[in-house]
Amino acid sequence: MPETETYADLHADAAAALSRWTATSPAAAANRDRTLALLAAGPVAMSRAHRPGHVTASALVLDPAGDRVLLCLHGKFRKWVQLGGHCEPGDRTLAAAALREATEESGIAGLVVDPTPIDVDIHPVACQGGSLHYDVRFAVLAPAGATERVSAESEALGWFPPDRLPEPLADGTVQLVAPALATLARRVAG
């Protein structure tokens, strides 16, 4: 199956989700608009083979009370960052891609993703000799008593209070805390 057909459902979901999303900041709104422009290239924009850039999905994992966030010390660039990565052909939605990545990288079963993005960030990466990640980010809730397990992609995993994140911290990670906590509060109240 050609790559464009493989990512057709995911591409349609990304375009729809971002078109209806109310951004959480002016920067996120600008990045949403840039990501929608990238999606005009078609389903190939979901694949890491698309050198001008590709959509990725990530997750800030929260404990049930919102007292801690789970971050990984990334093995390649040696900074603490939220969990996430490239979309795969089997992903049907961006939220599902973020959940898959969070589950794979944390080893935690029973994670629950909120389907509404909390942020969009665009940053340079080394993929394909140099590209951009158009990273759509989600809040993911861990079950009570969750125990993490380090994956091959991480040097370490750690739970941190939202107001005391570790260093060195990847650019853009701190901006996820407030909208993720707002998502948790909305879910608890609803």
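The values are calculated or read from the model by the stated rules, or taken from the named source; none is laboratory data. The shown structure was predicted, so the numbers you read here are calculated from the model rather than taken from an experiment. Reconstructed Cβ throughout: ideal geometry from the backbone, glycine too, with neighbour counts over all protein chains shown. All accessible areas refer to the heavy atoms of the entire protein, side chains included, with ligands and DNA or RNA removed. Shrake-Rupley method; radii C 1.70, N 1.55, O 1.52, S 1.80 Å.
Worth a mention:
- Test: residue in the stretch 107-120 that is of a type in the set (D, E, K, R) and closer than 19 Å to Leu73 by Cα: no
- The stretch 167-190, residues that are touching a Pro at 6+ places or on another chain (Cβ under 8 Å) and either open to solvent by 50 Å² or more (accessible area, probe 1.4 Å) or of a type in the set (D, E, K, R) (or both): Leu181
- Filtering the stretch 102-143 to residues that are open to solvent by 30 Å² or more (accessible area, probe 1.4 Å), polar (S, T, N, Q) and over 18 Å from Trp80 (Cα atoms) leaves Thr116, Gln128.
Every residue, every condition in (1) open to solvent by less than 10 Å² (accessible area, probe 1.4 Å); (2) free of Cβ contacts under 8 Å to residues at least 24 places away in the same chain; (3) over 14 Å from the mean Cα position of the chain (by Cα), yes or no:
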{"site": "Ala45", "(1), (2), (3)": "yes, no, yes"}
{"site": "His50", "(1), (2), (3)": "no, no, yes"}
{"site": "Gly53", "(1), (2), (3)": "yes, no, yes"}
{"site": "Leu60", "(1), (2), (3)": "yes, no, no"}
{"site": "Ala65", "(1), (2), (3)": "no, yes, yes"}
{"site": "Arg78", "(1), (2), (3)": "no, no, yes"}
{"site": "Gly84", "(1), (2), (3)": "no, no, no"}
{"site": "Gly90", "(1), (2), (3)": "no, yes, yes"}
{"site": "Leu94", "(1), (2), (3)": "yes, no, no"}
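- Failed item in (1) surrounded by fewer than 21 Cβ atoms within 10 Å (Cβ to Cβ); (2) under 28 Å from Ile108 (Cβ atoms); (3) of a type outside the set (A, V, I, L, M), with Thr24 passing the rest: (1)
- The stretch 144-155, residues that are open to solvent by less than 40 Å² (accessible area, probe 1.4 Å) and either within 18 Å of the chain's Cα centre (by Cα) or among the hydroxyl-bearing types (Ser, Thr, Tyr) (or both): Ser151, Ser154
- Among the candidates Pro115, Pro89, Pro143, residue that is assigned to a loop (DSSP other than H, G, I, E, B) and farther than 27 Å from Pro52 by Cα: Pro143
- Flag if Ala152 is out of contact with any Cys (no Cβ under 9 Å at 6 or more places or on another chain) and in a loop (DSSP other than H, G, I, E, B): yes
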